[in-house]
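Please read the structure below before turning to the comments.
Computed from the coordinates by the stated procedures, all read-outs in this text should not be read as laboratory data. Quantities reported herein were computed from a predicted structural model and do not represent experimental measurements. Note: ideal-geometry Cβ built from the backbone for every residue, glycine included; neighbour counts use all protein chains shown.
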Amino acid sequence: MRSPTLLVKGVEIIKHVLIKDFENFTDRNVDFAEEGIDANLFSFNGNTWRALRQHCTSIFTSLKLKNMMYLITERGDKLIDYIEKISKEQPDQEVHGIVRKYTQGCITSCAFGL
């Protein structure tokens, strides 16, 4: 059965939904798997999401995110250099693996400061 869906694009409204008034928006109906390899913070609803969000709030503070930004930017610069290099050799590329490696690199850098 389908239910009405609202797509929010305004930054201030998104902040209210995901941060300020998150207690009122625990069931966001994003269609992800809730178990296995596809499970992530965005795939949970209700009490599970509420508990994970409260746990992650202390991990992802504004200051910590600002401190991680240079690591992400550094990885992004390496990604651009890599794409420029390989696109000269072969213009058509499969980007899924490239983006996966970039994402894993960002997570590793932020988690371990590498």
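Below are the figures for this structure:
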{"item": "Isotropically averaged projected area of the stretch 62-112, using the convex hull of Cα atoms (one quarter of hull area), nm²", "result": "3.7"}
{"item": "Ranking of Lys101, Lys66 by count of other Cβ atoms within 10 Å, fewest first", "result": "Lys66, Lys101"}
